[in-house]
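The values are calculated or read from the model by the stated rules, or taken from the named source; none is laboratory data. Just so it is clear, the model here is predicted, and its values are computed rather than measured. A quick note on method: Cβ atoms are made from the backbone with ideal geometry, for glycine too, and the neighbour counts reach across all protein chains shown.
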Amino acid sequence: HGDTMAFGTMAVILITWWFQSLGWHLGHLPTALLALPFGIAITALLVLGTDRMVYRFYRRVKAKPIVFVMASIGVMFIINGVTRFIIGPDEQNFDDGTRFIISAKAFKDWSGLDEGLALRSTQVITVVTAVIVVAALFWFLNRTRTGKSMRAFSDNEDLALLSGINPERVVMVTWLIVAALATIAGTLYGLDKVFKPFTYFQLLLPIFASAIVGGLGNPLGAIAGGFLIAFSEVTVTYAWKKVLTYLMPEGLEPSGLVQLLSTDYKFAVSFAILVVVLLFKPTGLFKGKAV
C-alpha cells in the first residue's frame, strides 16, 4: 500500500498544481483537499486495473498466498517506477493555505512562557480526517449489507459463497476502499511532511508491522498496532534532554541528548517489534489470522 499511497498522492499533487494554475483554492485550507476526490478516482482506476490484469487470474487458479505476495511485490515496483517517472524522485511541496493555527511566537506572547508551541493546520486536518474516516469505515463494515458481506467473505470464503455473496463484487468494493484510504492517507502525510516517492516505499514496513502486531483481519487491531508501532518508534528514538531538563533539579540536567537510538534506527524498532510478535503471538495482540 505504500506505493499505492505514493501514486494516489502524486495524482492529487498534479491536480492540485492544475487547480492552482487556474486560481482555484479553498482559502485557508490546502487546495489538495479540493483535488482529493479526483485523486481517489484515478487511484481506484489503477487498483482495479491491476486486479483485473494480475490478481484475478491468481484468484481463479486458487494460487498459494506466497504467489500473491510475489505478484504484489512486482506490482509494487512497477507502481513505484511509474510514480517516479511521472513526478520525479525529488521532494515536492504542495501545501498551501494557512500554515499555522497557532505559531510558536503567538503561543509565547499569549502564555508568557519561554518555550513555544506550534500547531500546524495540516496536523489538525489529519486528526479530524482520521477520526471521520475510521468512524465511517466501521459504520460501513458493521451496518451496511456490503460491509457485512465483506466481513463474512473474509471469515469463511466457502460459507460466504454458499450464502450467495458475489466474491468479485466484494473484491471490487475492497479495492475501492483501498484506493480511498491510501490516497487520503498519502495526501495527509505529504501535506504534513513532504512528498517523496521513496518515503512512501519506506512506510511499507511500519504499515505491515502495524497490521501483524494488531492482528491480520482485525480493524481495531490494526489501529492499536499502528499506535504501538508509532509510539515505540518515537519513544526509542526521541532525544529526551529537554524533557529531563525540566523535570530534574538544577545542576543535575543531562549534558547529552538522552537518546536510546538514533532516528536512523526508527524502522529497526518496527522490525524488532514485528519479529517479537511473530515469535510469541503470531495472531497479533487482537486475535487475527495467524501469519
### Query
Quick check: is even one residue across region 31-53 over 30 Å from THR16 (Cα atoms) and surrounded by 13 or more Cβ atoms within 10 Å (Cβ to Cβ)?
no
### Summary
Taking region 21-32 and keeping only residues that are part of a helix (DSSP H, G or I) and over 22 Å from VAL124 (Cβ atoms), one is left with SER21, LEU22
### Summary
In region 67-102, anything β-branched (Val, Ile, Thr) and either at pLDDT 90 or above or under 21 Å from the mean Cα position of the chain (by Cα) (or both) is listed as VAL67, VAL69, ILE73, VAL75, ILE78, ILE79, VAL82, THR83, ILE86, ILE87
### Query
Residues PHE208, PHE198, PHE231: which one is at pLDDT 85 or above, out of contact with any Leu (no Cβ under 9 Å at 6 or more places or on another chain) and of a type in the set (Phe, Trp, Tyr)?
PHE231
### Message
Among the residues of region 131-154, what is the count of those that are touching a residue at least 12 places away in the same chain (Cβ under 8 Å) and either in a loop (DSSP other than H, G, I, E, B) or within 22 Å of LEU29 (Cα to Cα) (or both)?
### Response
2
### Query
Which one of ILE102, ILE78, ILE66 is free of Cβ contacts under 8 Å to residues at least 40 places away in the same chain, aliphatic (A, V, I, L, M) and surrounded by fewer than 12 Cβ atoms within 10 Å (Cβ to Cβ)?
ILE66
#### Entry: Failed item in (1) farther than 27 Å from ASP114 by Cα; (2) in contact with a Leu (Cβ under 9 Å, 6 or more places away or on another chain); (3) among the polar types (S, T, N, Q), with SER262 passing the rest
(2)
### Task
Could you please let me know if LEU113 is over 24 Å from the mean Cα position of the chain (by Cα), part of a loop (DSSP other than H, G, I, E, B) and surrounded by 12 or more Cβ atoms within 10 Å (Cβ to Cβ)?
no
### Message
Checking ALA239 against (1) outside any helix (DSSP H, G or I); (2) buried (at least 19 other Cβ atoms within 10 Å of the Cβ), only one condition comes out false. Which one?
### Response
(2)
### Message
From the list ALA160, ALA152, exactly one residue is among the hydrophobic types (A, V, I, L, M, F, W, C), at pLDDT below 85 and farther than 25 Å from SER270 by Cβ. Which is it?
### Response
ALA160
### Query
How about region 125-164: which of its residues are closer than 30 Å to THR98 by Cα and not aliphatic (A, V, I, L, M)?
THR126, THR129
### Summary
Among ASP109, ASP95, the single one that is over 30 Å from GLY221 (Cβ atoms), of a type outside the set (A, V, I, L, M, F, W, C) and touching a Leu at 6+ places or on another chain (Cβ under 8 Å) is ASP95
## Note on the structure
Scanning region 58-75 residue by residue, those out of contact with any helix residue (DSSP H, G or I) (no Cβ under 9 Å at 6 or more places or on another chain) and assigned to a helix (DSSP H, G or I) turn out to be ARG60, PRO65, ILE66, VAL69, MET70, ILE73
### Message
Among the residues in region 100-113, are any in the same structural domain as GLY190 (by TED's automatic domain parsing) and touching a Ser or Thr at 6+ places or on another chain (Cβ under 9 Å)?
### Response
yes
